[in-house]
Amino acid sequence: MSIYEVAISLLIIASIAAVFVITRRDAAREARENPVSTKQLDSDISTLKGDVRVLRKDVDRMCEEMKEAPTKADIAKLEERIAGIGGHIQNVDEAVVRIEHILLTGAYAAAMAPAQPVRRPRK
């Protein structure tokens, strides 16, 4: 092996070593600049996973509740029934007004008075 071959081999080894040292130095500097450690990231990810599980349960529960919610058709039927009941209430209100009128005018007392025997004229 010639001296040039040895020199080139040493130069290649020195270059590889320099790249290794520079890479390690840059990695150490980046580690100092990055305040979040791997343990902290793992902890944060675990917390997020727990939060996602809780949210998933909440969404599932809400979906189940939505299955039991009334439909537009159900609400329309209820509105029709309420309108019908409103008509009955109006009829009852009118009847109460008539009864009050009868009681206040005394027409009830006259209607409830015993019938007077009919007198026939004498012949």
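Values in this text are rule-based calculations from the coordinates and carry no lab data. Fair warning: this is a prediction, and the values are worked out from it, not measured in the lab. All Cβ positions, glycine included, derive from the backbone under ideal geometry; neighbour counts span all protein chains shown.
Among the aspartates and glutamates, which have Cα under 18 Å from the Cα of Lys39 when same-chain residues fewer than 8 positions away are ignored?
Glu30
Whole Å is fine, so just give me how far the alpha carbon centre of the range 1-32 lies from that of the range 48-100.
77 Å
Using θ = phi - 60° and the Karplus curve 6.51 cos²θ - 1.76 cosθ + 1.60, what whole-Hz ³J(HN,Hα) does each residue of the range 8-16 get, with Gly and Pro shown as x?
Values per residue, Gly and Pro as x: 5, 4, 5, 5, 5, 5, 5, 5, 4 Hz.
Could you work out the local net charge near Val54, counting Lys and Arg as +1, Asp and Glu as -1, over the other residues with Cβ closer than 13 Å to its Cβ?
Once positives and negatives cancel, what remains is +2.
As an exercise, identify the GluC sites (Glu not before Pro) in the range 1-107 lying in DSSP coil whose Cβ has no more than 11 other Cβ atoms within 10 Å.
Glu68
Please list 3J(HN,Hα) in residue order for the range 79-92, calculated via the Karplus relation 6.51 cos²θ - 1.76 cosθ + 1.60 where θ = phi - 60°; whole Hz, with x for glycine and proline.
5, 5, 5, 5, 4, x, 5, x, x, 5, 5, 5, 4, 5
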